[in-house]
Amino acid sequence: MLPFWCVIPVKPFPEGKSRLSGMLSPSARTALNRRLLTRVLDILKASDLPVQVLVISRDEEALALARGRGLLGLPEVEDGGLNGALAQARTHIQAQGAQALLVLPADLPFLTVADLHGLYGMAQDPDVQVVIAPSRDGGTNALCLRPPDVLDFAFGEESFQAHLAQLRRRGLAYRVYRSVTLAQDLDQPGDLWAARDVLRQDPVQGCC
Ligand SMILES: Nc1nc2c(ncn2[C@@H]2O[C@H](COP(=O)(O)OP(=O)(O)OP(=O)(O)O)[C@@H](O)[C@H]2O)c(=O)[nH]1
Ligand SMILES: C=C(OP(=O)(O)O)C(=O)O
């Protein structure tokens with residue numbers, strides 16, 4: 001087992017992106033969530049990073065998608081929200097000897113191989129305990145922890161500032177990874193319009 005893990009939390013495809021329910025049918029949202037996860041897994045594969053990839057979800061299809069690629073799929077034991085799912089995944093990977101954890105949400109339509117190399121590269125500094133990537137809307141679009149339990153998960157409203165406040169309180173050594181492509185997640189109707197071309201493209205050829 002590699003000591004560096006990447007955990008991808010995925011809400012059930014039919015439930016995800018509920019903020020887009022005003023413009024997408026349930027089947028379109030399901031297809032969008034499947035496409036978003038597929039693209040992130042494709043970019044991870046193309047990055048060739050030496051990380052163990054685990055998808056945690058209540059959706060059997062999402063787990064099967066991961067397992068079909070030789071990745072790990074961890075059934076979420078309860079609907080504890082995003083932070084609960086990440087805590088469960090962290091317990092699981094620590095039992096496997098994980099020494100570093102990269103949390104990568106599935107809804108990153110512009111994620112690039114360069115972003116993954118940038119995050120991973122920052123995390124290789126032995127003095128760095130946290131690498132955090134802000135989203136455009138004050139959230140957290142990637143969080144790397146060394147060791148995995150060095151910080152409590154605080155995803156949600158204004159999570160970037162919440163994570164920053166916590167790591168500063170704890171006096172942790174951290175780096176901020178800023179990237180236009182990683183800062184863009186997909187939450188609001190405007191995000192969907194911006195991502196329309198990327199989501200149609202080949203995820204590896206079309207992004208780098
Ligand atoms: N496993 C798991 N993943 C979650 C959960 N809630 C959110 N996620 C995932 O975490 C990432 C970021 O979450 P959001 O941006 O809130 O995505 P979302 O929940 O689909 O969007 P909304 O339904 O509009 O809030 C996405 O990849 C979600 O699929 C959860 O309860 N469990
Ligand atoms: C939960 C998060 O994602 P979003 O802001 O996209 O809901 C977050 O960034 O903490």
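What follows draws every value from the coordinates through simple rules; no lab data is involved. Bear in mind that the values here come from a model prediction, so they are computed numbers and not experimental data. A quick note on method: Cβ atoms are made from the backbone with ideal geometry, for glycine too, and the neighbour counts reach across all protein chains shown.
Seen through its C-alpha gyration tensor, with square-root eigenvalues sorted a ≥ b ≥ c, segment 107-208 comes out oblate because a/c lies at 1.5 or above while a/b is not bigger than b/c.
For segment 4-199, the Kirkwood hydrodynamic radius comes to 16.7 Å, computed from all pairs of different C-alpha atoms.
Computed over segment 39-105, the Cα gyration tensor eigenvalues convert (square root of 5λ each) into semi-axes of 19, 15, 10 Å, ordered from largest to smallest.
For segment 4-199, the Cβ-based charge dipole about the Cα centre amounts to some 220 debye (Lys, Arg positive; Asp, Glu negative; other atoms uncharged). Segment 1-49 and segment 76-116 have Cα centres spaced 12 Å apart.
So which trypsin sites (Lys or Arg not before Pro) in segment 9-71 end up in coil per DSSP with only 16 or fewer other C-beta atoms within 10 Å? Here the sparse-neighbourhood loop sites are ARG58, ARG69.
Between ALA154 and any residue 5 or more places off or on another chain, the built amide H atoms are never under 5 Å apart.
Comparing VAL180, ASN83, GLN52 along the charge dipole axis of the chain, the residue lying farthest to the positive side is VAL180, per the Cβ-charge model. Relative contact order, whole percent, for the chain stands at 23, derived from Cα pairs under 8 Å and 6 or more residues apart.
Projecting the Cα positions of ALA106, GLY118, GLY68 onto the charge dipole of the chain (unit charges on Cβ atoms of Lys, Arg, Asp and Glu, taken about the Cα centre) puts GLY118 furthest along the positive direction. Among the GluC sites (Glu not before Pro) within segment 33-89, those in coil by DSSP and having at most 11 neighbouring Cβ atoms inside 10 Å are GLU78.
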